[in-house]
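What follows is a single structure, written as structure tokens, with notes after it.
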Amino acid sequence: MLTHFIQEAIPMRRFALSLAAIAVALPAAAQDKTFDLKFSSWVPPSHAMHISVKEWGDSIAKATNGTVKVTLYPSQQLGKADDHYNMARDGIADVTYISLGYQAGRLPMGEAGNLPFLMTNADGGSRALDEWYRRYYTKEMPDVKMCLAFVHDPGALHAKKRIVLPEEFKGMKIRSAHGTLAAYVTGLGGTNVRVSAPEARQALESGAADAITFPWKSIVLFGIDKVVSYHMDLPFYVSSFTWLINNDKYNQMSAAQKKVIDAHCTNQWAGSVGKTWGDYEAAGKAEIRGMAGHTVYTLTPAQIAAWRKAAEPVYKQWADAARKAGYNPDTALGELRAALRKYNAEFK
């Protein structure tokens, strides 16, 4: 299998990141075994996250003197999007990219990052989520190694008609980004359409869905701009993600190689991955605004307040799940909001 990496130069602002990771790593010993890590991703080769995967893999290879390499398998080549947690656990892939919201209640604490009207940007939001979730992930993910957590730039509501109030969801079929938004949609009388990102355009084209929650540039990347025309300019939600590493593969590495991997699974790297993808997605808003036949619109303060008020049952649902898992939801959400304030990413 050939590597499908985007051929882009590493931005100078991230050069120091690679040097720092190399500096703290032990030099790989000459007798270290070699590893070619299979990194499975379910988005297409041109996706912006793969810029970070290439940078990450190149930095690891350099720090291990070439004994650990990373090969990307995009576009669900190794398995469906929903299966990527199990793929990391079972060794079908060595590293996977998962959406926490695709795990059907498996990761209740991680899904706090999916609550609507919580974050405003991907850079600070990723740093905050990663810092916060490291307190909880070992209990939720005991059978894999979490490398880092991050979010995409806030997504919006894109539809075949203009929607300004939450009660307009009643009777509509909406492809939701994850389970949290699905609960929001159904609570407002809409029908949730459960398909992964690569299948979303077909759902809209066939009439199975009337609207979609999606980040901006990905609307164009997946061709969804051909089937929706109205775009709500509001940081409606984010989706939370992690990179996971197969425990057995990690444990087979030498101490020096493990130290390199650990130096590439940091909060700094989480922010870098989030910002690279976030900058890409944010640019899509201006692109769509300039397209003929598309309307990007804003809401009044009263309309925004109505959407946030309508989200209260979803917050309660998450709190109930967190409490059932043995956590204090008020404390946990307070910690996450404090981290978002720290990194200038809180929705106010």
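Examine segment 40-62 for a residue that is basic (Lys, Arg), surrounded by fewer than 21 Cβ atoms within 10 Å (Cβ to Cβ), modelled with pLDDT of 95 or more and out of contact with any strand residue (DSSP E or B) (no Cβ under 8 Å at 6 or more places or on another chain), and state whether such a residue exists. Let's see the steps before the verdict.
Residues of segment 40-62 basic (Lys, Arg): 54, 62.
Pick out the ones that are also surrounded by fewer than 21 Cβ atoms within 10 Å (Cβ to Cβ) and you get 54, 62.
Remaining after also requiring modelled with pLDDT of 95 or more: 54, 62.
Cutting the leftovers down to out of contact with any strand residue (DSSP E or B) (no Cβ under 8 Å at 6 or more places or on another chain) gives us 62.
For segment 40-62, residues basic (Lys, Arg), surrounded by fewer than 21 Cβ atoms within 10 Å (Cβ to Cβ), modelled with pLDDT of 95 or more and out of contact with any strand residue (DSSP E or B) (no Cβ under 8 Å at 6 or more places or on another chain): present.
Only one of Lys258, Lys249, Lys285, Lys275 is free of Cβ contacts under 8 Å to residues at least 40 places away in the same chain and either among the acidic types (Asp, Glu) or assigned to a helix (DSSP H, G or I) (or both). Can you tell me which? I'd like the intermediate steps shown before the answer.
On the way: Lys249 fails: free of Cβ contacts under 8 Å to residues at least 40 places away in the same chain; Lys285 fails: free of Cβ contacts under 8 Å to residues at least 40 places away in the same chain; Lys275 fails: free of Cβ contacts under 8 Å to residues at least 40 places away in the same chain.
Sole residue among the options that is free of Cβ contacts under 8 Å to residues at least 40 places away in the same chain and either among the acidic types (Asp, Glu) or assigned to a helix (DSSP H, G or I) (or both): Lys258.
If I go through segment 164-191 residue by residue, how many of them are without any contact (Cβ under 8 Å) to a residue 40 or more places away in the chain and within 29 Å of His50 (Cα to Cα)?
4
Filter segment 243-275 down to the residues that are hydroxyl-bearing (Ser, Thr, Tyr) and either crowded, with 23+ Cβ neighbours inside 10 Å or in contact with a helix residue (DSSP H, G or I) (Cβ under 6 Å, 6 or more places away or on another chain) (or both) and list them by number.
Correct list: Ser272 only.
The conditions are (1) without any contact (Cβ under 8 Å) to a residue 60 or more places away in the chain; (2) under 19 Å from Lys275 (Cα atoms); (3) aliphatic (A, V, I, L, M), and Met87 fails exactly one of them. Which is it?
(2)
Can you tell me how many residues within segment 299-331 are surrounded by 20 or more Cβ atoms within 10 Å (Cβ to Cβ), under 22 Å from Lys139 (Cα atoms) and touching a residue at least 60 places away in the same chain (Cβ under 8 Å)?
At the first step, the residues of segment 299-331 found to be surrounded by 20 or more Cβ atoms within 10 Å (Cβ to Cβ) are 307, 311, 314, 318, 322, 329.
Remaining after also requiring under 22 Å from Lys139 (Cα atoms): 318, 322, 329.
If we keep only those that are touching a residue at least 60 places away in the same chain (Cβ under 8 Å) too, we end up with 318, 322.
The total comes to 2.
Take Asp153 and decide whether it is part of a loop (DSSP other than H, G, I, E, B), touching a residue at least 60 places away in the same chain (Cβ under 8 Å) and crowded, with 24+ Cβ neighbours inside 10 Å. Outline the logic, then answer.
Numbers: part of a loop (DSSP other than H, G, I, E, B): yes; touching a residue at least 60 places away in the same chain (Cβ under 8 Å): yes; crowded, with 24+ Cβ neighbours inside 10 Å: yes.
Spelling it out, Asp153 is indeed part of a loop (DSSP other than H, G, I, E, B), touching a residue at least 60 places away in the same chain (Cβ under 8 Å) and crowded, with 24+ Cβ neighbours inside 10 Å.
The values are calculated or read from the model by the stated rules, or taken from the named source; none is laboratory data. Model, not experiment: these values are computed from the prediction. Cβ atoms come from the backbone with ideal geometry, glycine included; neighbour counts cover every protein chain shown.
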